[in-house]
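The block underneath contains the structure these notes are about, expressed in structure tokens.
Only the coordinates and a few stated rules stand behind these numbers; no lab work does. Small disclaimer: the values here were computed from a predicted structure and weren't measured. When we count neighbours, we look across all protein chains shown, and the Cβ atoms used for this are built from the backbone with ideal geometry, even at glycine.
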Amino acid sequence: MTKYIFVSGGVISGVGKGVATASIGRILKEYGFSVTAVKIDPYINCDAGTMRPTEHGEVWVTEDGGEIDQDLGNYERFLEHPILKSNAITTGQVYKELIDKERRGDFLGETVSFIPHVPDEIKKRIVAAGKGYDICLVEIGGVIGDYENIPFLFAAKSLELELGVENVCHVMVTYMPIPGHIDEMKTKPTQLAIKMLRENGIQPDFILCRGKLPLDNIRKKKIERYSNVQPGHVISAPDVVGDETANTIYVVPLNFEKDELGSKLMNKLKLEKRKEPEWDAWSEMVRRTTKPSRYVDIAIVGKYLEVGNFQLTDSYLSVSAALSHAGAANDVGINIHWISSKKIENGEVDFSKYDGILVPGGFGSSGVEGKIAAVQYARENDIPYLGLCYGLQMAVIEFARNVCGLDANTTEVDKDVVHKIVDILPEQANVKSKGGTMRLGSYQALLKETSGIAKIYGGNKVSERHRHRYEVNPEYHEALEENGLIISGKSPDGKLAEFIEIPNKKFFFATQSHPEFKSCPMKPAPMFDAFIKSML
Ligand code: GLN
């Protein structure tokens, strides 16, 4: 029987529920259980695909083509197996399903009401996602006290009643502020968050206390007493990002294990461990991530970088994660330099100080000329270049313009350009509705036997995830190849350019796919690994 662990958040958003959920999953996996994780996003959107990356962070793409909240990415990175789109539940999906059913007549004669229909639909989805696994983690997005959370908390409680308390566990991740003017860690916001959780009928079994500093014993006891949880079930989870000795989220499961969170969770869920955890390789990966032998400097050229006074690099979370994984594999630290493509257009960027240049995915016309200029610099000065999706399209446009001498562009930017080097995919030409309609998810590519990319992957058949509407125009494949660009990977029907490379360079590769989505901390994506190796 599947056991469920609900993870909710108290006090503030961005408290690290996603990393906590993923870390708990990893810990239980280490004890020999099969684990999956579900993310609940209480918004009306059916998925994250149409949301603004600067507000919501990166859109994560699943194997089966879901456009999902980035937390699913952390689950995959920690659990090292694909999490499918049905593991992302939103309010929009739940209501859409109910309304569609009602219109079809599935409820004929019945009044369709908030209770029981909404929580029942939520439970059905959670149970379907957990099927076949020993443990299913369910992260409830947002903060306790949000109006939007209520149906999901109701469903969690109701599932507990159905399955019994030994099969359902509630973890609350909360935040302990240290206001500057008193310089003391305050527990009151957490006490209030617990009270609000209880108002929904839920008694937390564990409280994970995030904060700038570790939680001291006095405060631990205070929260234990206030919330009526067992001694030892209030766990300190101090910030790791910003702490140089532990500056990676991958240290979080190790930290939780110092408090024996794994065995405490198993106790609560009446589970016996199936094997001894093996943390050696994981700890070595953490060591290499935090204290590498050397560093490289990589410029990531993007547009979703600045919002007001803050740089929101979350829009490219999987790209920086994949670089960090490849760095760890090579015992190299990665200094990422986030370069706004608009600054390149204004001539404000000196690329000579970077060991590598990466152009990640993107949409629309803003900042495109800056990205093309970055590719040109990389190609002309033989700086390792990695292009991802839009980064491939930019590389091809640059090559068409500056090597083939064509007046070239993508029709995404200029519909009337003379040479439509990058053009809309035929099946996308008449797509009107924006949600979930791109070429999405995993597609296979066949690689040229003797190409650099086949060497990198160690084989000639690969499958990576996609999210795009445009492609390199097949009418120009020949002209590009005659001028020295190699289209080294194509879709199995031979039509779509999936990988390109320029030979006799330190590293000049690009792909129409997003290999960053399949990178795991101990199994880096091959293209990222080779990109880093080319700088050493
Ligand atoms: N805008 C480009 C397209 O739709 C690239 C998309 C991307 O980089 N994910 O094809």
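Cβ separations smaller than 6 Å between residues 6+ apart or across chains give the following pairs from segment 83-99 residues that are more than 15 Å from Ala155 (Cα to Cα) to residues that are surrounded by fewer than 18 Cβ atoms within 10 Å (Cβ to Cβ): Leu84/Asp64; Lys85/Asp64; Gly92/Ile44; Gly92/Asn45. The requirement of being of a type in the set (Lys, Arg) and under 13 Å from Ala395 (Cβ atoms) is not satisfied by Lys490.
Checking each residue of segment 197-208 against the condition of being over 25 Å from His325 (Cα atoms), of a type outside the set (Asp, Glu), in contact with a Pro (Cβ under 9 Å, 6 or more places away or on another chain) and outside any helix (DSSP H, G or I) gives no match. Annotation for segment 383-398: at least one member residue is within 12 Å of the ligand (Cβ to nearest atom) and of a type in the set (Phe, Trp, Tyr). Looking across segment 341-353, just one residue is touching a Phe, Trp or Tyr at 6+ places or on another chain (Cβ under 9 Å) and hydroxyl-bearing (Ser, Thr, Tyr), and that is Ser352. Note on segment 51-122: enclosed helices (runs of 4 or more DSSP H) holding 3 or more residues that are of a type in the set (D, E, K, R) and out of contact with any strand residue (DSSP E or B) (no Cβ under 9 Å at 6 or more places or on another chain) are 91-104.
From the list Pro177, Pro151, the lone residue that is closer than 20 Å to Ala37 by Cα, buried (at least 16 other Cβ atoms within 10 Å of the Cβ) and not charged (D, E, K, R) is Pro151. Looking at this structure, is Tyr385 touching a His at 6+ places or on another chain (Cβ under 9 Å) and either without any contact (Cβ under 8 Å) to a residue 24 or more places away in the chain or surrounded by 15 or more Cβ atoms within 10 Å (Cβ to Cβ) (or both)? The answer is no for Tyr385. Within segment 1-24, being touching a Pro at 6+ places or on another chain (Cβ under 9 Å) and either of a type in the set (Lys, Arg) or not in a strand (DSSP E or B) (or both) holds for Gly10, Val11, Ile12, Ala22, Ser23, Ile24. Among the residues of segment 350-382, those identified as more than 16 Å from the ligand (Cβ to nearest atom) and not hydrophobic (A, V, I, L, M, F, W, C) are Asp350, Ser352, Lys353, Tyr354, Asp355, Gly356, Gln376, Tyr377, Arg379, Glu380, Asn381, Asp382.
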